[in-house]
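Values quoted throughout were computed directly from the atomic coordinates according to the rules given, and no laboratory measurement underlies them. Please read all numbers here as calculations on a predicted model, not as lab measurements. Because the Cβ atoms are built from the backbone with ideal geometry, glycine has one as well, and the counts that use them run over all protein chains shown.
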Amino acid sequence: MPPCTVSDDLKAQIPVLRRHRHSIKHICYLLGVKKTLVYKVLQLFPSQHIHNKNTGQRRTLTIDDITFITAILRHHPTIYLDELQHELHSRRGVLVSVQTLLRTFRRLHLNCKHISAYALEWNEEKCALFMNNIAEIAPDPRNVDVW
């Protein structure tokens with residue numbers, strides 16, 4: 001028995017159906033052909049494939065949210081991600097994951113080196129005040145009785 005050939009008219013329908021967002025399985029069902037034929041025909045017409053430029057989910061953070069994040073980072077450069085999540089939720093009503101915040105940082109070109117540069121610029125006066133407070137709490141740690 002000779003191999004079954006498919007007409008050129010039928011093959012021409014495959015890219016058209018694919019452009020109309022039909023699945024491969026549905027195209028096979030409609031035209032009565034096998035998946036291998038559909039894939040081979042689509043390889044011959046690479047421009048006919050659906051190239052969806054908007055892959056993935058829509059961004060959940062608006063420009064106002066990103067402005068809010070950058071303002072918080074300017075005032076508190078070493079804020080923890082969960083604290084930033086809480087601030088976004090309490091002040092802006094936006095629920096985002098830590099992964100979304102990390103992707104946003106990447107888009108803003110922020111990284112650990114950028115954040116740690118702010119941490120190096122610590123205030124000596126505040127540090128001295130903190131040390132004085134510690135000295136009031138525990139004046140001489142060597143004289144403390146151990147139980």
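Just to be sure I understand the model, the point goes 7 Å from the Cα along the line to the Cβ. What's the resulting Tyr29 to His86 distance in nm?
5.1 nm
Taking neighbour Cβ counts within 10 Å as the exposure measure, how do Phe130, Phe45 sort from fewest upward? Provide the component values of the computation, followed by the final result.
Numbers: Phe130 11, Phe45 15.
By the 10 Å Cβ count, ascending: Phe130, Phe45.
When only C-alpha pairs under 8 Å and at least 6 residues apart count, what is the relative contact order of region 8-48, in percent? Working shown, then result.
Values: 26 pairs, mean separation 18.6, N = 41.
Over region 8-48, the number comes to 45 percent.
Please give, to one decimal in nm, the separation of the simple spin-label points placed at Ala138 and Ile72, each 7 Å out from Cα toward the Cβ.
Going from the Ala138 label point to the Ile72 one covers 3.3 nm.
For Ser7 and Tyr39 in the same chain, what is the full-extension length gain: residue separation times 0.36 nm, less their Cα-Cα distance, in nm? Don't jump to the answer; show the numbers that get you there.
Numbers: separation 32, 0.36 × 32 = 11.52 nm, distance 1.59 nm.
Result for the pair: 9.9 nm of gain on full extension.
At a 10 Å Cβ-Cβ cut-off, how would you order His22, His86, His109, fewest neighbours first?
Values: His22 16, His86 12, His109 7.
Starting with the residue having the fewest Cβ neighbours, the order is His109, His86, His22.
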